[in-house]
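Written out below as structure tokens is the structure these notes cover.
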Amino acid sequence: MSQYHIKHLEEYYQVYRKSVNQPETFWAEIAEEHFVWRKKWDKVLEWDFEKPEVKWFQGAKLNITENCIDRHLQANGNKTAILFEPNNPDEASQHISYNDLHNRVAKFANVLKSKGIKKGDRVCIYLPMIPELAISVLACARIGAIHSVVFAGFSASALSTRINDSDCKMVITSDGGYRGAKTIDLKGIVDEALESCPGVENVLVAKRINSDIKLKEGRDYWLQPLLDEANDHCEAEIMDAEDPLFILYTSGSTGMPKGMLHSTAGYMVYTGYTFKNVFQYENNDVYWCTADIGWITGHSYIVYGPLANGATTVMFEGVPSYPDYGRFWEIVEKHKINQFYTAPTAIRALAKEGVEIIEKYDLSSLKVLGSVGEPINEEAWHWYNDNIGKRKSPIVDTWWQTETGGVMITPIPFSTPTKPTYATLPFPGIQPVLMGENGEELDGNQVEGKLCVKFPWPSMARTIWGNHKRYRETYFSAFRGYYFTGDGALRDEVGYYRITGRVDDVIIVSGHNLGTAPIEDAINEHPAVVESAIVGFPHDIKGNALYGYVTLKDTGEGRNQYNLRNEINQIITEHIGPIAKLDKIQFTEGLPKTRSGKIMRRILRKIATHDTSNLGDTSTLLNPEVVEGIMANVIE
Ligand code: PRX
């Protein structure tokens with residue numbers, strides 16, 4: 001039996017038990033047998049969830065890119081590491097071998113150094129899904145710079161907030177990006193963002209769409225000429241196990257986005273180990289995760305996890321609907337994809353297009369299908385299973401978070417019997433618990449509560465950049481001594497977990513986490529607005545969509561409500577990005593408030609979902625009279 005590669009359910013239980021009973025031995029063996037180290041650790045684990053502080057593999061020295069690239073060169077130098085599939089199907093795919101990747105990462109790393117980037121500096125990467133994105137991430141890791149990738153759909157204002165929060169010295173971007181039939185002016189967005197980012201010294205610009213952009217003298221440089229001149233050898237910076245690897249921002253229920261900080265050794269070990277098992281990756285497989293590297297799924301399961309296993313990982317630049325809704329299946333056929341990992345929102349959008357379009361393509365290469373980012377509803381699960389997996393490829397419904405770094409609850413394909421809508425069992429090393437109303441652990445099966453984790457795992461985020469207090473308050477104070485996920489879950493009669501959704505003010509729209517507070521803050525900037533409240537409501541494709549209640553200063557008849565709705569969505573687009581636009585906007589006389597002045601979102605949520613039979617006691621409200629008016633004008 002190899003505990004690194006689990007192949008039967010009994011093996012899973014055996015490995016799982018060991019991971020709980022002897023966690024340090026377990027993780028030390030995985031780390032020692034499957035990764036390369038410049039120096040071994042002195043101590044496997046030190047932890048305290050009160051402080052909170054977690055350290056894995058202390059004393060060890062390594063570089064993650066030696067694990068993801070160099071160690072594969074001898075046996076697999078010519079194997080494709082990254083298979084780039086462009087937005088336009090008529091443009092050739094690119095096969096970047098491990099040898100090529102090694103040289104391109106080294107050159108890029110030398111360019112970063114030549115521009116003064118050193119170990120510990122923060123580098124913001126704002127790129128479309130082109131090879132330079134993965135290469136720049138790895139180049140930062142090569143020299144110990146901390147990358148902060150910002151999804152290229154965020155607005156200038158959201159970008160500058162993130163750049164400033166972590167004091168990035170450099171931004172890496174491109175002249176633009178392709179997304180289906182559209183192009184996006186990324187450099188223009190960066191220029192606007194940098195008007196309020198005094199700390200950024202240099203901008204490197206990759207050429208992708210050949211647009212006519214301006215370079216600011218002394219600040220901006222075309223990337224290619226610098227790469228052409230750079231040396232293709234770059235010694236890896238030797239990092240301590242707990243040195244930071246990257247920052248990745250995620251929405252919180254309040255205020256600023258949270259810069260989750262991940263460290264090196266534990267993240268590497270956990271993403272590598274989960275990748276192998278969750279996807280049952282075998283040597284010549286071609287693996288495709290459709291996420292963007294701007295999100296954690298792309299970091300862990302396009303870049304680091306697959307490359308740590310010497311895999312071939314596909315990077316797709318485009319969208320599922322371009323040039324038509326057959327694009328995903330065309331790519332599966334073209335590259336004989338073996339493992340396919342996507343989000344429920346994409347599955348629902350594709351299901352809507354019918355099965356004829358799928359029948360044109362040969363999907364017989366598929367072995368494992370994955371789902372991530374939000375609960376997968378039963379209908380979408382069956383559609384995926386019947387039409388894409390043809391009932392022979394197990395679906396891994398993987399539950400995890402930006403904060404957890406890697407997959408936490410998931411079936412192991414071919415071992416764990418799947419069950420629609422259930423993420424099933426904890427991965428080895430993960431000890432989930434459900435908490436009751438009084439903060440007690442709920443024992444036994446057939447219980448529902450708030451999902452926590454009671455023991456550390458190697459890839460957990462170590463802090464929020466610059467705000468350890470917020471890290472403690474957000475994740476370790478709801479239940480003392482436990483990591484609180486913000487999700488609710490239930491455990492069925494055999495111990496399988498089903499995630500029921502967020503229990504805080506985070507709403508997941510099309511698989512993207514959106515905090516309500518930043519959207520409300522944006523809306524409230526409109527001169528006509530007094531205040532606003534955002535809630536989610538179920539949506540066929542997006543999973544959830546946003547419903548906004550907006551109180552205006554002047555509800556006078558003369559106002560053009562259509563224009564106002566557009567203006568509100570425009571402000572949201574400017575502050576956050578188009579992903580946060582509202583589907584429905586209702587203008588209200590006032591919002592229901594508690595006597596302490598807090599907006600009663602519970603009532604607003606019920607009204608938005610037309611579930612008004614039991615609104616609960618409204619008499620304790622400061623202004624119960626507004627509820628009737630809101631109910632009368634609810635938007636269908
Ligand atoms: O609510 C859970 C939901 O997505 C949240 C984490 O979002 P993010 O940090 O953006 O990471 C997404 C990709 C890992 C979780 O708190 N979520 C994620 N996966 C699932 C899920 N909900 C149900 N089932 C899942 N498989």
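Per-structure values
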{"read-out": "Given (1) over 12 Å from ALA580 (Cβ atoms); (2) more than 12 Å from the ligand (Cβ to nearest atom), index of the condition THR516 fails", "value": "(1)"}
{"read-out": "Scan of region 489-521 for residues that are at pLDDT 95 or above and over 19 Å from the mean Cα position of the chain (by Cα), ordered by number", "value": "ALA489, LEU490, ARG491, ASP492, GLU493, VAL494, GLY495, TYR496, TYR497, ARG498"}
{"read-out": "Scope region 301-332; condition out of contact with any strand residue (DSSP E or B) (no Cβ under 9 Å at 6 or more places or on another chain) and over 18 Å from ASP100 (Cα atoms); matching residues", "value": "SER321, PRO323, ASP324, TYR325, GLY326, TRP329, GLU330"}
{"read-out": "Check on ASN438, at pLDDT below 95 and not hydroxyl-bearing (Ser, Thr, Tyr)", "value": "yes"}
{"read-out": "Lone qualifier among ASN563, ASN633, ASN614 - being within 30 Å of PHE151 (Cα to Cα) and surrounded by fewer than 18 Cβ atoms within 10 Å (Cβ to Cβ)", "value": "ASN563"}
{"read-out": "Any chance ASN467 is more than 15 Å from the ligand (Cβ to nearest atom) and modelled with pLDDT under 95", "value": "no"}
{"read-out": "Index of the failed condition, ALA380 passing every other in (1) more than 29 Å from LYS18 (Cβ to Cβ); (2) open to solvent by 10 Å² or more (accessible area, probe 1.4 Å)", "value": "(2)"}
{"read-out": "Residue in region 117-124 that is in the same structural domain as GLY252 (by TED's automatic domain parsing), more than 22 Å from LEU307 (Cβ to Cβ) and touching a Lys or Arg at 6+ places or on another chain (Cβ under 6 Å) present", "value": "yes"}
{"read-out": "Subset of region 67-91 [under 25 Å from ALA241 (Cα atoms) and in contact with a Lys or Arg (Cβ under 8 Å, 6 or more places away or on another chain)]", "value": "HIS72"}
{"read-out": "Cβ-Cβ under 7 Å pairs, at least 6 apart or on other chains, region 564-583 side over 12 Å from SER155 (Cα atoms), far side charged (D, E, K, R)", "value": "ASN569/LYS581"}
{"read-out": "Residue in region 441-450 that is more than 29 Å from GLU32 (Cα to Cα), within 12 Å of the ligand (Cβ to nearest atom) and not assigned by TED's automatic domain parsing to the domain that holds THR264 present", "value": "yes"}
{"read-out": "Helices (runs of 4 or more DSSP H) lying entirely in region 1-107 (those with 2 or more residues that are closer than 23 Å to ASN309 by Cβ and among the polar types (S, T, N, Q))", "value": "9-21, 71-76"}
{"read-out": "Residue within region 531-541 that is in contact (Cβ under 8 Å) with a residue 60 or more places away in the chain, within 16 Å of the ligand (Cβ to nearest atom), part of a loop (DSSP other than H, G, I, E, B) and of a type outside the set (A, V, I, L, M) present", "value": "no"}
{"read-out": "Qualifying positions in region 206-228 - touching a helix residue (DSSP H, G or I) at 6+ places or on another chain (Cβ under 9 Å), within 27 Å of GLU91 (Cα to Cα) and charged (D, E, K, R)", "value": "LYS207, ARG208, LYS214, ASP228"}
{"read-out": "Residues of region 143-182 classified as part of a strand (DSSP E or B), open to solvent by 10 Å² or more (accessible area, probe 1.4 Å) and in contact (Cβ under 8 Å) with a residue 12 or more places away in the chain, total", "value": "2"}
{"read-out": "Every residue from region 118-129 that is surrounded by 24 or more Cβ atoms within 10 Å (Cβ to Cβ) and over 17 Å from HIS262 (Cα atoms)", "value": "TYR126, LEU127, PRO128, MET129"}
{"read-out": "Of residues in region 362-399 being part of a helix (DSSP H, G or I) and among the polar types (S, T, N, Q), the one farthest from the ligand (Cβ to nearest atom)", "value": "ASN387"}
{"read-out": "Unique match (being free of Cβ contacts under 8 Å to residues at least 40 places away in the same chain and of a type in the set (Asp, Glu)) among GLU333, GLU317, GLU237, GLU242", "value": "GLU333"}
{"read-out": "The listed residue being open to solvent by 20 Å² or more (accessible area, probe 1.4 Å) and either more than 12 Å from the ligand (Cβ to nearest atom) or not basic (Lys, Arg) (or both), out of PRO411, PRO417, PRO428", "value": "PRO417"}
{"read-out": "Residue, most open to solvent (accessible area, probe 1.4 Å), within region 183-198, restricted to residues that are more than 22 Å from PRO518 (Cβ to Cβ) and outside any helix (DSSP H, G or I)", "value": "PRO198"}
{"read-out": "Count of residues meeting criterion [outside any loop (DSSP other than H, G, I, E, B) and more than 10 Å from the ligand (Cβ to nearest atom)] in region 474-506", "value": "6"}
{"read-out": "Filtered residues of region 584-610 (kept if open to solvent by 40 Å² or more (accessible area, probe 1.4 Å), assigned to a loop (DSSP other than H, G, I, E, B) and modelled with pLDDT of 90 or more)", "value": "GLU589, THR609, HIS610"}
{"read-out": "Selection within region 296-350 - open to solvent by less than 10 Å² (accessible area, probe 1.4 Å), within 16 Å of the ligand (Cβ to nearest atom) and of a type in the set (Gly, Ala, Ser)", "value": "GLY298, SER300, GLY305"}
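Here's the yes/no breakdown for (1) among the small types (Gly, Ala, Ser); (2) under 25 Å from TRP41 (Cβ atoms):
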| site | (1), (2) |
| --- | --- |
| GLU229 | no, no |
| PHE246 | no, yes |
| MET256 | no, no |
| LEU261 | no, yes |
| GLY294 | yes, no |
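The values are calculated or read from the model by the stated rules, or taken from the named source; none is laboratory data. Note that the structure is predicted; figures quoted are calculated from it, not measured. We place every Cβ from the backbone using ideal geometry, glycine too, and count neighbours over all the protein chains shown. Protein only, heavy atoms only, side chains kept; ligands, DNA and RNA dropped before computing areas. Shrake-Rupley method; radii C 1.70, N 1.55, O 1.52, S 1.80 Å.
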